[in-house]
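Bear in mind that the values in this text are calculations on the coordinates, not laboratory data. Computed from a predicted model, the values in this text were never measured in an experiment. All Cβ positions, even for glycine, are placed from backbone atoms using ideal geometry, and neighbour counts span all protein chains on display.
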């Protein structure tokens, strides 16, 4: 009965490194070539990327101007409500009762409200 043959493997690190490097390089080259070929022969069937990323601008809908005005009015009402709440808090604060500058600007804002008087009420009345 003959004995099975033994397989002897010799390790040559330089040869192994060169083979791995060539394999990686040829793999990257194959991927690049595949992408280039796909880019050359498929673009007719694919929608351009700029059209996918940037949708076409639609014409303004009827009534859009009216909606824009209503939205601006809504934002103005919100600003006025915020200012009113801040002024109410300034008036009701016990600490502001002893602050003469706060009292002066609160009175000015009650009698003749302006943007300047509101700003100064918010500044002096914490």
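Can you figure out the FRET efficiency of residue 103 with residue 71, using R₀ = 30 Å and their beta-carbon distance, to the nearest 0.05?
Numbers: r = 37 Å, r/R0 = 1.25.
After rounding to 0.05, the efficiency reads 0.20.
Take the alpha carbon gyration tensor of the stretch 76-124, find the square roots of its eigenvalues, order them as a ≥ b ≥ c, and report rounded if a/c is under 1.5; if not, report prolate when a/b exceeds b/c, else oblate. Could the numbers behind the result be given before it?
Details: a/c = 2.31, a/b = 1.45, b/c = 1.59.
Because a/c hits 1.5 or more and a/b fails to exceed b/c, the stretch 76-124 counts as oblate.
Apply 1/(1 + (r/R0)^6) to the Cβ-Cβ distance of residue 41 and residue 17, taking R0 = 41 Å, and write down the FRET efficiency to the nearest 0.05. It would help to have the intermediate numbers written out before the result.
Values: r = 37 Å, r/R0 = 0.90.
It comes to 0.65.
If the chain between residue 94 and residue 115 were fully stretched, how many nm would it gain, using 0.36 nm times the residue separation less the Cα-Cα distance?
Values: separation 21, 0.36 × 21 = 7.56 nm, distance 2.43 nm.
Taking 0.36 nm per residue and subtracting the Cα distance, the gain is 5.1 nm.
Compute the distance in nm between two label points, each set 7 Å from the Cα along the Cα-to-Cβ direction, one at residue 32 and one at residue 86.
The answer from the label model is 6.0 nm.
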